[in-house]
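Data first, discussion second: the structure below is written as structure tokens.
The values are calculated or read from the model by the stated rules, or taken from the named source; none is laboratory data. For clarity, every value in this text was computed on a predicted model and none was experimentally measured. Neighbour counts are summed over all protein chains in view; Cβ atoms, including those assigned to glycine, are modelled from backbone coordinates with ideal geometry.
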Amino acid sequence: MSLTRNFASSIVKAGQRSQIAGASINSRTFVTSRALRKPALTEAITDDHRKLSEYYNEIVNSNDNDHKERFGNQFTWELARHSVAEELIVYPAFEKYIPGGVGKEHAEKDRKQHHKLKELLKDFQNMKVENPEYVPQLKKLYKHLEEHIKEEESDDLPALERALELDENRGNSESLAKTFSRTKAFVPSRSHPAAGENPYIEGTVGLPVAIFDHIADLFRKYPDGKISPNPSTK
Ligand SMILES: [Fe+2]
């Protein structure tokens, strides 16, 4: 009897040990995967950056004008929406959450860089693909964009995410990421540098301009499977 009880007790204890070991492996795996995962807002923004790089490479590595035109429109559509959404959502977040006036400095620097990028994008989006300056103009624009992306990913976003890790700001990276993605649905899909980078003015003038852009997108060529991309699904 006592032997049976001891055996049963050993089985239960072994089961408990394996559960604890399993839990500890699971929690280690969870912690590791969380540690490897980028914060939500950084993930949303860097995902756009990678797409822009992909579209750029499709254009500069192609000899086919139809292919270049389709990806040129896709590049413009992605960069225009991404830029305005950052100006409306991300740069005000720099100012709000990064303390000591540093966030304001990040935001002002990025707004200046965006203005230059939007001027270069406007020139590019108005070019016919047959224009010998089509690819050189894109390369000129991309050089500025690469520099801007590098600074955003290595300085600005890490500073914001560090501020968002504070207890009082917890969860805001996720909610900002959602708002950023939703905002891209209703902002202009072509470059309008004259609208400036002030979120209050840009937000007001952006909506009617966006409607005009989105209708005109219906008549532009896009890569296969992305014909007149519907901003509301992105
Ligand atoms: Fe940006």
| note | Residues of region 95-111 being within 15 Å of the ligand (Cβ to nearest atom) and among the aliphatic types (A, V, I, L, M), in sequence order, are ALA107
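Conditions tested, residue by residue: (1) of a type in the set (Phe, Trp, Tyr); (2) closer than 30 Å to ALA163 by Cβ; (3) free of Cβ contacts under 8 Å to residues at least 60 places away in the same chain.
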site	(1), (2), (3)
LEU88	no, yes, no
PRO92	no, yes, no
VAL102	no, yes, yes
GLU108	no, yes, yes
LEU120	no, no, yes
ASN126	no, no, yes
PRO136	no, no, yes
LYS139	no, no, no
HIS144	no, yes, yes
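To keep it simple, each residue is scored yes or no on (1) among the aromatic types (Phe, Trp, Tyr); (2) touching a Lys or Arg at 6+ places or on another chain (Cβ under 8 Å); (3) over 17 Å from TYR142 (Cα atoms); (4) assigned to a helix (DSSP H, G or I).
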residue	(1), (2), (3), (4)
TYR55	yes, no, no, yes
ASP66	no, yes, yes, yes
GLY72	no, no, no, yes
HIS82	no, yes, no, yes
PRO92	no, no, yes, yes
| Out of region 112-140, which residues are β-branched (Val, Ile, Thr) and either part of a loop (DSSP other than H, G, I, E, B) or within 16 Å of the ligand (Cβ to nearest atom) (or both)? | VAL129
| field | Unique match (being touching a Ser or Thr at 6+ places or on another chain (Cβ under 8 Å) and modelled with pLDDT of 95 or more) among PHE75, PHE71 | value | PHE71
| task | Spot the failing condition for THR183; the list is (1) of a type in the set (Val, Ile, Thr); (2) under 20 Å from the mean Cα position of the chain (by Cα); (3) within 21 Å of LYS116 (Cβ to Cβ), and only one is missed. | result | (3)
| request: Mind listing whichever residues of region 170-194 are without any contact (Cβ under 8 Å) to a residue 60 or more places away in the chain, of a type in the set (A, V, I, L, M, F, W, C) and assigned to a helix (DSSP H, G or I)? | output: ALA194
| remark: Across region 89-133, the tally of residues that are of a type in the set (A, V, I, L, M, F, W, C) and modelled with pLDDT under 95 stands at 0
| request: Could you run through region 141-179 and say how many residues are within 12 Å of the ligand (Cβ to nearest atom) and either touching a strand residue (DSSP E or B) at 6+ places or on another chain (Cβ under 6 Å) or under 29 Å from MET127 (Cβ atoms) (or both)? | output: 10
| Going by the structure shown, is LEU52 farther than 15 Å from PRO223 by Cβ and either at pLDDT below 95 or not polar (S, T, N, Q) (or both)? | no
| request: Sort out which residues of region 93-123 are surrounded by fewer than 16 Cβ atoms within 10 Å (Cβ to Cβ) and touching a Pro at 6+ places or on another chain (Cβ under 8 Å), and write them in order of number. | output: HIS115, GLU119
| query | In region 78-88, which residues are away from the ligand (no atom under 11 Å from the Cβ) and either in contact with a Ser or Thr (Cβ under 6 Å, 6 or more places away or on another chain) or of a type in the set (S, T, N, Q) (or both)? | reply | ALA80, ARG81, LEU88
| Quick check: anything in region 21-38 modelled with pLDDT of 95 or more, surrounded by fewer than 20 Cβ atoms within 10 Å (Cβ to Cβ), within 29 Å of LYS109 (Cβ to Cβ) and not acidic (Asp, Glu)? | no
